Amino acid sequence: MLSLTLLCLLVSECSAIRRHKRRMGQRGQLGFEECGDLEKLEAIEPDYYRIEAEGGVTESWNHTSKMLRCAGVALIRRTIKPGGLVLPSYTNAPQLMYYVQGSGIQGMTIFPSCPESFEEPQEAGEGYREQHQKVHEIRGGDIIAIPAGIGYWFYNNGDIPIVVVILLHTNNVANQLGPLPRRFYIAGNTEDEHGEGGREESISGRNVFSGISVNLLAEVFGVRVETARKMQGADDKRKNIVMVEGGLDVIRPEPGSRANVNGLEETICTLRVREAVGSAARADIYVPRAGRIATLNSIKLPILADLQLSAERGVLYKYGVYVPHWNLNAHSVMYVTGGRGRVEVADNNGKSVFDDVMKEGQVVVIPQNFVAVMHAREEGFEWIAFKTGENAMINALMGESSAIRVLPVDVVVNMYQVSREEAQRIKEARDQAILFTLPPFDEEETQGLMAEA
Ligand SMILES: *[C@@H]1O[C@H](CO)[C@@H](O)[C@H](O)[C@H]1NC(C)=O
């Protein structure tokens, strides 16, 4: 009973903090001016910085590009070999991670005061009893949300490489360190994956412990100086992803225990951080043959209210179209997970700021209110879009309850100077949903297709 009261106190305190943060956020947005003069968007690749580690590769997108600065985000992609372990780290910005493929386990320190809830059964005569915080089973299609400053690690226990794309929202009220993305490792010896720290040769290890004197470290932890040196990672050549010999031995959840446990799931210490947004069953909009869209917001995953982030998973099948639409209240950072599709974006001056065929690995930012339309190629087109608001919403320009559908027909007649019949046709176009199929329709499209091939 006592603990319940305490929990409620904690919860109400948290929502007070949240309200306070929101007020702060309205005043203290960083990097606002960067969006003003976005003349051209471009599809960018993760070619800014690359770290080859023992257990895998980390690549980053150029976070100093105008487009990413406008959205106030930085992105990295990690590819982790089977048996690879990504060393624990935390960042100055909230993160959304999308697992494109693979399977593994991820552990994190949910909140600093929460207990280590995974325990080994007590056996008679044993001195040491292992305890640690919750670990999550993860697989391709999962999104994980991580608050600023919360440490996490993950491990590939599958047969194929894990590919994970990680967004850092640096333009977030939780970040007080300025616009640069910063990752703090608590082990290992690796340069900064965003390309800032790699030059200083004099630093021995580059995790947080290497900035603390080795003797103090040894005394504080009550370990030998030699062990303290290892914590500093001075001679560690493995970098930020290491290989685990013979598999990682951790206490794991029962297989299949991915569901809520007695409604306890949503308390502070067991806050849900994962959602299988990529699975077909999870779609919010599904149009046979055209495609599907799944959205993830703070209503479905409450931790996103604190992070001020949400996401959209889109899959278009052969020649599927996602009708012209805009994001009401967020920027959309779109990473293409597969296939190819033509993406067009228009700004408020009616100018085309983007018209390109995108493919796997490319990123484009669709700024708030800019109008976007996607048209899949023969092989289909799929993406994950990270959105810089807790409950990002879109408004479509056609289809059910779209911006034009809700206008009186005579307003449409006068808007476009068309006949009543034409106005009705515009209003009623594609009456089903925001997704449909449209085969290549004219010479320009067909030529475009041939030029790409
Ligand atoms: C990153 O983007 C900035 C700004 O557009 C540009 O000046 C710089 O050359 C880019 N760096 C790399 C390595 O691409």
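Taking region 274-314 as the range and being more than 15 Å from the chain's Cα centre (by Cα) and part of a loop (DSSP other than H, G, I, E, B) as the test, the residues that pass are SER279, ALA283, ASP284, PRO288, ARG289, ALA290, ILE299, LYS300, PRO302. Note on region 206-250: residues that are among the aromatic types (Phe, Trp, Tyr) and either open to solvent by 70 Å² or more (accessible area, probe 1.4 Å) or without any contact (Cβ under 8 Å) to a residue 24 or more places away in the chain (or both) amount to 1. Close contacts from region 43-63, counting a first residue that is without any contact (Cβ under 8 Å) to a residue 40 or more places away in the chain and a second that is more than 11 Å from the ligand (Cβ to nearest atom) and acidic (Asp, Glu), with Cβ to Cβ under 7 Å and a gap of 6+ residues or different chains, come to ARG50/GLU59. Under the condition of being farther than 24 Å from SER60 by Cβ and surrounded by fewer than 20 Cβ atoms within 10 Å (Cβ to Cβ), the residues counted in region 325-341 number 2. PRO46 satisfies every condition listed in (1) modelled with pLDDT of 95 or more; (2) within 16 Å of the ligand (Cβ to nearest atom); (3) within 25 Å of GLN176 (Cα to Cα) except (3).
Here GLN131 clears all of (1) at pLDDT 95 or above; (2) more than 25 Å from SER279 (Cα to Cα) except the condition numbered (1). Only helices (runs of 4 or more DSSP H) whose full extent lies in region 345-453 are considered here, and the ones with at least 1 residues that are at pLDDT 90 or above are 409-416, 420-428. Consider ASP192 carefully, then state whether it is open to solvent by 70 Å² or more (accessible area, probe 1.4 Å) and at pLDDT below 90. Answer is no for this residue. Selection of region 68-91 for residues being open to solvent by 10 Å² or more (accessible area, probe 1.4 Å) and within 16 Å of the ligand (Cβ to nearest atom) yields ARG69, ARG77. Residue count for region 49-67 under the criterion of being hydroxyl-bearing (Ser, Thr, Tyr), within 12 Å of the ligand (Cβ to nearest atom) and more than 20 Å from VAL353 (Cα to Cα): the result is 2.
Listed here are the residues, each with its yes/no results for (1) surrounded by fewer than 20 Cβ atoms within 10 Å (Cβ to Cβ); (2) closer than 21 Å to HIS194 by Cα; (3) modelled with pLDDT of 95 or more.
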residue: ARG50; (1), (2), (3): yes, yes, no
residue: GLY56; (1), (2), (3): no, yes, yes
residue: LYS66; (1), (2), (3): yes, yes, no
residue: ALA93; (1), (2), (3): no, yes, yes
residue: SER113; (1), (2), (3): yes, no, no
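The values are calculated or read from the model by the stated rules, or taken from the named source; none is laboratory data. Only a predicted model underlies this, so the values are computations on that prediction, with no experimental measurement involved. Positions of Cβ are generated from backbone atoms using ideal geometry, with glycine treated the same way; all protein chains shown enter the neighbour counts. For the accessible areas, the whole protein counts, side chains as well, though only heavy atoms, and no ligand, DNA or RNA atoms are used. Shrake-Rupley method; radii C 1.70, N 1.55, O 1.52, S 1.80 Å.
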